[in-house]
Structures are given as C-alpha cells and as structure tokens.
Amino acid sequence: MGSVQRAMRLLESVAEHEHGAPAKQLARETGLALPTAYHLLRTLVHEGYLRRDKGLFFLGEAAERLSSSGAQQKRRSTVVEALAHWRDLIGVPVYYAQYRDGEIEVLCVSDTPGNPAVEEWADFRETGHAHAIGQCLLAQLDEEARRDHLDRYPVRSITPYTVRDHHSLLRRLERTGRMEPVIERQEYALGTVCAAIPITLGNAAATMAISLPAHQADRLSAATQQLQAEIGRLMGSLAISISI
C-alpha cells in the first residue's frame with residue numbers, strides 16, 4: 001500500500017509539470033528519498049504510466065487513457081443527472097439517443113417504477129421507422145444516409161398504427177422539419193405515446209425523448225414543450241457532455 005501511495009504522489013507531481021520534470025525535482029516535491037523515487041519512476045515508465053525523455057518525466061499513454069476514461073465518465077454522469085432531473089421535474093421517462101456508425105443507439109434512459117420506460121420488445125435499432133426516437137434521428141439524416149438505413153432495416157408494421165411502407169415513411173420524414181419534435185402514438189408499443197426532440201451536435205444526429213401511457217396522451221404536448229425549454233436552458237453546459 002505504501003508503494004502505491006508513493007507512486008500515486010509521483011504521478012500527481014508529474015501531472016503538474018506540462019513540460020516534464022527531472023527525478024530530483026519529483027523526489028523533492030513528493031518528499032521521497034531519491035533512490036526510492038528513481039525505483040518507482042522506472043517502474044511507472046516500464047508500465048507505461050510515465051515516459052522519460054532527455055532526463056525529464058512526462059505522463060505516459062496509460063495515464064492519459066485513465067484521464068480520458070475519467071473525463072468520459074464525468075460527461076456521462078452529467079447526462080445521467082440531467083435526465084434524472086427532467087424525469088422528476090416533468091414526471092415522465094426521459095431517453096437520450098444518437099445515430100452513430102449507421103445505427104440507432106439509445107445511450108441513456110431515466111425512469112422510475114411509477115413512470116417506467118417503454119419495454120424494448122422489438123429491437124430499437126431495427127425498428128427506427130416505428131418509434132419517435134428513430135423517426136427523429138432519421139429525419140436529421142441526409143437523403144443518402146436515410147435510404148441506406150432503410151435498405152438495411154426495411155419498414156414493417158409492428159402494431160396496427162405503424163407506418164405502412166417505405167414511401168409513406170419517407171414522405172413523413174420529408175415533411176418533418178430537421179429540428180422539429182416528432183410525435184408517435186402507439187406505432188412502436190400499444191398503449192404508449194412518445195415524443196422526441198432533435199438535438200444539435202455539430203453534424204451528428206441526436207435526440208432527447210419522453211414517453212407516456214396512451215391514456216395520458218393529453219399530457220404529451222405540454223411535457224414535450226417543457227422538455228424543450230429545459231434542454232434550451234442547459235444546452236450550453238450539455239453540449240460537450242452529451243457526446244458520450
């Protein structure tokens with residue numbers, strides 16, 4: 001345990017020196033005897049946590065990977081907290097999804113036992129034509145990307161309310177403004193209505209969405225407007241975080 005603590009102190013000390021630092025300086029800053037510092041520094045270099053260049057020590061690739069992973073976890077935590085806040089404020093399940101590498105990916109869902117999320121009874125990736133999240137993401141794609149997706153995942157009716165064919169879906173998507181909310185009523189799951197709000201992420205397609213039981217459909221419009229307002233209020237601080 002003592003060796004681990006001393007090694008961590010050395011890593012922290014190296015991290016404070018953007019242009020590197022020699023062993024003697026690091027030993028002095030950490031209060032370690034020079035032989036001990038040398039031994040630990042050599043071990044950290046061997047393991048990839050530090051690198052040595054012209055007698056100076058810098059953070060290595062292994063330490064940078066840890067830093068990158070930590071930053072990603074912090075960004076994800078920010079998104080999770082935002083969705084939980086909106087879930088409690090509006091009283092609905094909240095979803096966050098992106099279109100990445102040709103696939104619809106639901107990256108985060110926040111719900112409660114009293115307001116459960118929609119059960120994924122048919123693969124979300126394969127049924128983008130049927131649910132609000134998928135329709136919202138597809139509406140943000142260019143024509144070529146949209147047609148490529150639908151060639152891989154053809155339109156098929158999964159409830160009596162699902163759009164009937166490829167051409168009908170394309171006409172609907174073309175009528176949908178790129179940044180307009182998408183409303184879907186029982187097209188993916190009977191007894192459920194959903195709304196998805198497009199999110200601007202540079203050239204990437206993303207969305208925040210909500211769902212409600214069909215018997216509460218009269219709440220959908222107001223809840224969607226409230227989520228839009230909340231997203232607008234926090235969008236600046238979330239702009240980086242939501243690219244999880």
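The values are calculated or read from the model by the stated rules, or taken from the named source; none is laboratory data. Note that the structure is predicted; figures quoted are calculated from it, not measured. Please note: Cβ atoms are built from the backbone with ideal geometry, for glycine as well, and neighbour counts cover all protein chains shown. In case anyone asks, the SASA skips ligands and DNA or RNA and just uses the protein heavy atoms, side chains included. Shrake-Rupley method; radii C 1.70, N 1.55, O 1.52, S 1.80 Å.
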Quiz prompt | Carbon plus sulfur fraction of accessible area for the stretch 1-51, probe 1.4 Å, in percent | solution = 53
Exercise. Could you give me the radius of gyration and the Dmax of the stretch 19-147, taking only the C-alpha atoms into account and expressing both in angstrom?
Key: 24.2, 66
Exercise. Report, in whole Å, the centroid distance computed from the Cα atoms of the stretch 114-144 and the stretch 167-192.
Key: 9
Quiz item: How far is it, in nm, from the label point at Arg171 to the one at Ser157 when both lie 7 Å from their Cα along the line to the Cβ?
Solution: 1.6
Self-check item: Surface accessible to a 1.4 Å probe, Thr200 within the full protein complex, Å²
Solution: 90
Quiz item: So what does Met8 come to for accessible area, using a 1.4 Å probe and Å² rounded to 10?
Solution: 100
Quiz item: To two decimal places, what compactness ratio does the stretch 78-155 give when its Cα radius of gyration is scaled by 2.2 N^0.38 Å?
Solution: 1.20
Quiz item: Ser3: accessible area at probe 1.4 Å, nearest 10 Å²?
Solution: 70
Quiz prompt | Descending semi-axes in whole angstrom, ellipsoid equivalent of the chain, from the Cα gyration tensor | solution = 50, 20, 15
Self-check item: Longest to shortest principal axis, alpha-carbon extents of the stretch 161-220, angstrom
Solution: 36, 26, 15
Practice problem: List the equivalent ellipsoid semi-axes of the stretch 110-196 in whole Å, largest first, each obtained as the square root of 5λ for an eigenvalue λ of the Cα gyration tensor. | Solution: 22, 14, 12
Quiz item: In square angstrom, what is the accessible area per residue of the chain with a 1.4 angstrom probe?
Solution: 54
Quiz item: Which whole-percent values make up P(r) of the stretch 81-126 when all C-alpha to C-alpha distances are grouped in 5 Å steps starting at zero?
Solution: 5, 21, 26, 22, 15, 9, 2
